[in-house]
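For reference, the structure discussed in these notes is given below.
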Amino acid sequence: MYPADTTFPTKTDAEVWLTRKEAEILDGDWINPEAGKVLLTDFGAAWIEERPNLRPNTVLLYGYLLRRHIAPYFAAKTVGEIKEAQVRRGRRRLLDSGVSEVTTAKAYRLLRAILNTAADDGMIRRHPCRIKGAGQEESAERPVLTIPEVYAIADAIDQRYRVLVLLAAFTSLRWAELAALRPSDVDLETCTVRVHRQLIEQPDGRSAFGPPKSKAGKRTVTFPAMLTAELREHLAQIKQQGPEVPMFTSPEGMPLRHRNFRRRVWLPALTKARLPGIHFHDLRHTGNALTADEGANLRELMERMGHSSTRAALIYLHSSGERQRTLAEAVGKTARAALRKAEKARKASGTEVARRQRDDLDT
């Protein structure tokens, strides 16, 4: 037996309420009021643990978002108690406290996914995350480096990482994919790099090698032949260590950690190159933009980037001002050729008409 969640002014009102509940039960739409009496934080933690095939980094991200950006506003709330107004206020408080719009969007999407599952499990009638556009990220546009700027960083950085910078820019590999490369993954004859694993950094300081970010991440990427000489020299320096050791390690021979690399190697190189504010990921962004500007189609970009969806690749299919000028000049060249052809045909036609007129006069 379950009591109503309110009292009624008349017996008739109570009977109407009861009739509606009986109809919900018969239709399979009735929600057990006890089902939603589990704390959101507990249900969220179980939701993350039960998700199949989540990558370790994704588990860490979800746990951080739940702990840092969701729990403080809903820690004492059960799943059934969360209403749309509370979600709106929680999101507003995140933004007002200085949390970026990107992180706020990630936290909102996680909360929505958790409560969607609660609705699917019959714990609530429908999820309360209904803020239009709240889950969309509007990341600031990252810079595209010029080729001289890429080489300025490569010249300024510790020489053991020069090839790392060049490969990042000219193969568009992710940081974790580059950190996992081995000499056996590089074919200097065909100018290709085989990507079949990535380096996963654990919170406790340990590292492990795992599969790429997605199925599409397993790929073979071609690099410009101009890198062959520097790659050969780099491989020769680590050849004695074996073909299966990482191509890029710390000075102590340990797998790279992004945070340490950024602080000890990357930032000093940017200062020396006078290119502040550049992220290592901007090298991948630059490589993707260069490939798109050379005329790569959507499928070619997806294969090179290691993406299974078109969303990320479409970002790079916008035209730069220089590319627009090149296209405009190409169109102009075609137009001029067509006009010359038409003018030539007109003149030829005029000459033919004049010749015929003379022939008629002669006859």
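Some points to look at:
- Listed by first and then second residue, the pairs linking a residue in the stretch 69-81 that is more than 12 Å from Ala45 (Cβ to Cβ) to a residue that is open to solvent by 70 Å² or more (accessible area, probe 1.4 Å) and of a type outside the set (S, T, N, Q), with Cβ atoms under 8 Å apart and 6 or more places separating them unless they lie on different chains, are Tyr73/Arg89; Tyr73/Arg93; Thr78/Lys37; Val79/Lys37; Gly80/Lys37.
- Answer residue from the stretch 166-206, given it is farther than 16 Å from Asn57 by Cβ, in a strand (DSSP E or B) and hydrophobic (A, V, I, L, M, F, W, C) and is farthest from the chain's Cα centre (by Cα) among those: Val186
- Wholly enclosed helices (runs of 4 or more DSSP H) of the stretch 1-115 bearing at least 2 residues more than 30 Å from Phe209 (Cα to Cα) and among the hydrophobic types (A, V, I, L, M, F, W, C): 11-27, 40-50, 71-74, 84-96
- The stretch 215-262: number of residues that are among the small types (Gly, Ala, Ser), open to solvent by less than 40 Å² (accessible area, probe 1.4 Å) and not in a helix (DSSP H, G or I): 2
- Residues being of a type outside the set (A, V, I, L, M, F, W, C) and either under 19 Å from Ala176 (Cα atoms) or in contact with a strand residue (DSSP E or B) (Cβ under 9 Å, 6 or more places away or on another chain) (or both) - total across the stretch 220-233: 2
The values are calculated or read from the model by the stated rules, or taken from the named source; none is laboratory data. Everything numeric here is computed off the predicted structure, so don't read it as measured data. Heads up, the Cβs are rebuilt from the backbone with ideal geometry, glycines too, and the neighbour counts pull from every protein chain shown. For accessibility, only protein heavy atoms count, side chains too; no ligands or nucleic acids. Shrake-Rupley method; radii C 1.70, N 1.55, O 1.52, S 1.80 Å.
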